[in-house]
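To start, the structure itself, in structure tokens.
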Amino acid sequence: MSGGAIVEISDQAIVRLPSGVRLKKDEARDRFVLLAPERALIMDPIGMAILGEIDGVKTVGQMIDSLASAYAADPQMIGKDVKAFLLDLAGRRIVEISQ
Amino acid sequence: MSDSRVTQKPRTLPDSLLAELTHRCPLACPYCSNPMELKHHSEELTTEVWISVFRQAAALGVLHLHLSGGEPASRRDLEELTKGAQEAGLYTNLITSGIGLTERRMDALAEAGLDHVQLSLQGVDAAMADRIAGYAGGLERKLSVAAWVTARNLPLTVNAVCHRQNFARLDEMIDLAVRLGARRLEIATVQFHGWAQANRNQLMPTLEQAKMASETVHAARERLKGVLVIDYVPADYHATFPKACMGGWGRTGLNVDPTGKVLPCHAAESIQHLRFDNVRDRPLADIWFDGEAFNAFRGFDWMQEPCRTCDRRELDFGGCRCQAMALANDSAATDPVCSRSPLHQLIADITSAALIADDSPFVYRGR
């Protein structure tokens, strides 16, 4: 366990989904949700794309590069969004970050 | 089918189901959320019927299933039920006192695909915890259960019901949750229905305690961001506006009691004029969409003043119907906890009566 709050994510960090967190197709509402203890987060296409990069092996930097080339977008812009998304989820213990 | 009935249909689907598998429980907490009239073992639904309910719930849109009780481990088929829930595609949460679990059963539950365990703690030391629970040796056992859960890499939530007698040690409860490796802590102030109502003067927090608790929680959330998620249910008797109970009646969740009765919330049977359907007689989806009890307080037509024209009616839905029944003797009244209720003085009377320490013995659940 980390000693305290995570405040930023480095490019070398590795992200994984912890046990008890999983993506599910919510058939009744025709959308995807990320399920965690007492939480169901609705995933929009951007969230889905980021989640799709999480494999417990790739670094955050590699995730960002991969998304930037897939969407032909500026890696710096993408990087800001990806890190903000991951930081929010890490604060709620929905993803695990090892720096 | 008339048009008015169609328009009463909820726009939302239920996202959670609370399955009260049994009312049997080794503990006897004086604020138990089960009804005062506990259902007998012989009336409980069979394994097959429960699994059918889980499948129907998943098809209806339920995402989270809470296996609760009483003590769900009192059901010998808990492992089989967990497997059935998992196969139905539900995110399966076990809400347990821990008593009745063993390491072997925990292995079987993990194997069956259990997603999450929510363990209740009644205090931070054995003297308090075991006295509140009415069960000697309980805390020690619970601490072992917490270790079994985390050793199997299952997410752990500590569930701490707080009240006048244990609020002073809230900080220690937060520390204990971190030490046990919990990812989440649920701090719920006692809700005064049923058993808790019978013990109200012993359990009612003071205004000072309620304020202190909110500050403690706020600070701990900041300090423990990314370590411990804290969900907090404040003392509604000390609030200005009522809580949006259940996120609005018949809007987000279902509760199935041990006999198959489907309730909009666990205390709904305290509203005696309502008629509740049973999963033995009717499909779950019909009950959700068309059941009399589910439609009783949907929309705004049932509301009285001041709720009917209130700018907050879509935020708190008039508060808690069961509390309105208990305090105003009218299930459609504004929840008296609301500062705009004409009966709000009742709350001040109750909380000031509770300022005088009441050391009389608890009315323990089921004893």
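What follows draws every value from the coordinates through simple rules; no lab data is involved. Here the structure is a predicted model, which means the values were calculated and not measured. Note that each Cβ is placed from the backbone with ideal geometry, even for glycine, and that neighbours are counted across all protein chains shown.
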Residue-averaged [θ]222 nm for chain B, counting only DSSP H segments that reach four residues, each worth -39500 (n - 2.57): -10000 deg cm²/dmol
Cα Rg, Dmax, chain B, angstrom units: 20.1, 59
Distant-in-sequence amide H partners of B:VAL229 (H built 1.01 Å from N, under 5 Å): B:ARG184, B:LEU185
Overall form of segment B:141-261 per C-alpha gyration tensor (a/c, 1.5; a/b vs b/c): oblate
Estimated inter-spin distance, B:THR46 and A:SER69, nm [label 7 Å along Cα→Cβ]: 5.9 nm
In sequence order, calculated HN-Hα J values of segment A:80-87 (Karplus, 6.51, -1.76, 1.60; Hz; x Gly/Pro): 4, 5, 4, 5, 5, 4, 5, 5
Estimated FRET transfer efficiency (B:GLU111, B:ASN278; beta-carbon r; R0 45 Å; 0.05): 0.90
Whole-Hz ³J(HN,Hα) from phi, Karplus 6.51 cos²θ - 1.76 cosθ + 1.60, for segment A:9-26, glycine and proline x: 10, 8, 5, 8, 5, 10, 10, 9, 7, x, 4, x, 10, 8, 8, 9, 7, 8
Mean Cα-pair separation over length for chain A, i.e. relative contact order, pairs under 8 Å, 6 or more apart, %: 39 percent
In order through segment A:92-98: 3J(HN,Hα) via Karplus (6.51 cos²θ - 1.76 cosθ + 1.60), integer Hz, x for Gly, Pro: 9, 6, 9, 10, 10, 10, 10
Amide H contacts of B:ASN255 (H built 1.01 Å from N, under 5 Å, at least 5 apart or other chain): B:LEU18, B:LEU263
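Once you've got the Cα coordinates, tell me which of A:LYS25/B:LYS261; A:LYS24/A:LYS83; A:LYS58/A:LYS83; B:LYS39/B:LYS142 are over 20 Å apart. Provide the component values of the computation, followed by the final result.
On the way: A:LYS25/B:LYS261 29 Å; A:LYS24/A:LYS83 23 Å; A:LYS58/A:LYS83 14 Å; B:LYS39/B:LYS142 25 Å.
Beyond 20 Å: A:LYS25/B:LYS261; A:LYS24/A:LYS83; B:LYS39/B:LYS142.
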Alpha carbon centroid spacing (whole Å) that separates segment A:1-62 from segment B:191-261: 29 Å
